[in-house]
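The values are calculated or read from the model by the stated rules, or taken from the named source; none is laboratory data. What you see is a predicted model; the values in this text were computed from it and never measured. Virtual Cβ from ideal backbone geometry, glycine too; neighbours counted across all protein chains shown. SASA here: full protein model, heavy atoms, side chains in, ligands and nucleic acids out. Shrake-Rupley method; radii C 1.70, N 1.55, O 1.52, S 1.80 Å.
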Amino acid sequence: MIWDDIDRELAALAGNGLTRRRRTLDSPCAPRAQVDGQPLLGFASNDYLGLATHPALIAALQEGAARWGAGSGASHLVSGHLRPHQDAEACLADYVGLPRALTFSTGYLANLAIVPALVGRGDAVFADRLNHASLIDAVQLSRADHVRYPHGDLDALAARLAASRARRKLILTDGVFSMDGDVAPLAGLFELAERHDAWLVVDDAHGFGVLGPAGRGSLAAAGLPASRRILLMGTLGKAAGLSGAFVAGDAAVIEWLLQRARSYIFTTAAPPAIACAICRSVELLAAADERRARLSARIAELATGLAGLPWPLLPSPTAIQPLVVGDNFATLALADGLLAAGLWVPAIRPPTVPQGSARLRISLSAAHTADEVAALCSALARLAGQEPAR
Ligand SMILES: *Cc1c(COP(=O)(O)O)cnc(C)c1O
């Protein structure tokens, strides 16, 4: 029967320790959560600054729905573009310091918009090997050649750019890599983009709101100049505590996306209440230096607390702190051991990460306390068969 393949594939996933399991939260997104009936301390969400439950954002959503209704009713180019959507574009462009921005319902849709709008058959996309899945899908959708370079390797990228005969070139990278937590060499990437007349597209899902002066993101942190060839994608479901995404850059390039990007045109605009909350979130982000300092403190505490464990903590300066175990089953066992101790850290396995590099993805937030990070460190030390760290 036609469904026999599915039964076989599901059994194969289980046999390889690759079955994904959802957990249901009976509490809002916060470190202290009620999960499938069990109280857990979570290190799993991307709510890096603890804004997902901020009263000002909740109020903005409530007031936005009361004023503008629940749904937008149509796509942006038909009749779904309300005043709050227009205002949100201006707030975002102003915050990241680029001429114009366009909002999307999700980051996945934003990435699917950018790449096919800029390149197609006969062109080439030069992509970091560890780019997010949505960027990989975006390149496939564009039909451009997908030239992948070793993670963060500028020399390898330079060689591939020099060897390429593609008509148009695009360099595509995460700003902060979602499963490794390290930062892309943006200054070097921009220099190569200039030298080879390429676009530089940066997916800043994990840098927006967190890195750089006032949290303006990875480009600001790298001190890159405004340039027509740079496009910045940021998401609003992570540090911004909300939902959605935006693309910012040169006004004409953004106009081109608005005219041509299918994942912008053929989808209903997000609820206007979300757009209302975006400007509020941007204000909170701009004023969140204290939260960013708290997050930095937690990152430093974790690195100290986990030193000497048998599993290496990847050198990440961001909220994403990967503890690489390697084997899928060993990683699951470690995650289960933590769960038994009331700690929730997701086990990330292939194909999200390369084969043999399964890991615990410890995700820190300004909402965590020093004691909570210490509790995670001592639980891991216990599971490693070591004395709890002092
Ligand atoms: C989360 C994420 C996305 C997708 O954003 P959504 O708004 O969740 O669809 C894209 N790129 C990266 C690097 C991400 O981590």
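With viscosity set to 0.890 mPa s at 25 °C, what whole-number translational diffusion coefficient in µm²/s follows for the range 15-67 from Stokes-Einstein and a Kirkwood radius over Cα pairs?
For these conditions, the coefficient is 183 µm²/s.
What relative contact order, as a whole-number percentage, does the range 328-388 give when Cα pairs under 8 Å and 6 or more residues apart are counted?
Rounded, it is 28 percent for the range 328-388.
In 10 Å bins starting at zero, report the fraction of Cα pairs in the range 59-127 per bin as a rounded %.
15, 38, 32, 11, 4
Once you order the gyration tensor axes a ≥ b ≥ c over the Cα atoms, which shape class does the range 176-310 get: rounded for a/c under 1.5, otherwise prolate or oblate by comparing a/b with b/c?
Oblate, since a/c reaches 1.5 and b/c is not below a/b.
How big is the range 180-245 by the Kirkwood estimate over distinct Cα pairs, in Å?
12.3
Two decimals is fine: what is log10 I(q)/I(0) at q = 0.18 Å⁻¹ for the range 71-196, from a Debye sum with one equal scatterer on every Cα and no solvent?
Evaluating at q = 0.18 Å⁻¹ gives log10 I(q)/I(0) of -1.05.
Return one quarter of the surface area of the convex hull spanned by the alpha-carbon atoms of the range 216-263, equal to its mean projected area, in nm².
In nm², the orientation-averaged hull projection of the range 216-263 is 3.9.
What per residue convex hull volume, in Å³, do the alpha-carbon atoms of the range 157-205 yield?
75
Considering Cα pairs under 8 angstrom that are at least six residues apart, work out the relative contact order of the chain and quote it in whole percent.
Value for the chain: 22 percent.
Can you order the peptides 112-124, 6-18 by their average number of other Cβ atoms within 10 Å per residue, highest first?
The densest-packed peptide leads the list: 112-124, 6-18.
Grab the other residues whose beta carbon is less than 12 angstrom from that of residue 162, score K and R as +1, D and E as -1, and report the net.
Result for the local shell: +3.
Accessible area per residue for the chain in Å², computed with a 1.4 Å probe and the full protein assembly in place, what is it?
Averaged over the residues of the chain, the accessible area is 44 Å².
Please work through the chain and write down the cysteines that have no neighbouring cysteine Cβ at a distance under 4.7 Å.
Result for the chain is 29, 276, 377, no neighbouring Cys Cβ within the cutoff.
Lys/Arg Cβ at +1, Asp/Glu Cβ at -1, dipole of the chain taken about the Cα centre: which of 274, 161, 60 is farthest positive-ward?
Farthest towards the positive pole: 161.
Carbon and sulfur atoms: what percent of the 1.4 Å accessible area of the chain do they account for?
The C+S portion of the solvent-accessible surface of the chain is 54 percent.
What 222 nm value per residue comes from the helices of the chain, counting each DSSP H run with n ≥ 4 as -39,500 (n - 2.57) and dividing by all residues, nearest 500 deg cm²/dmol?
Dividing the helical sum by the residues of the chain leaves -12500 deg cm²/dmol.
Which Rg and Dmax, in Å, describe the Cα atoms of the chain?
Considering the chain through its Cα atoms, Rg and Dmax are 21.3, 63 Å.
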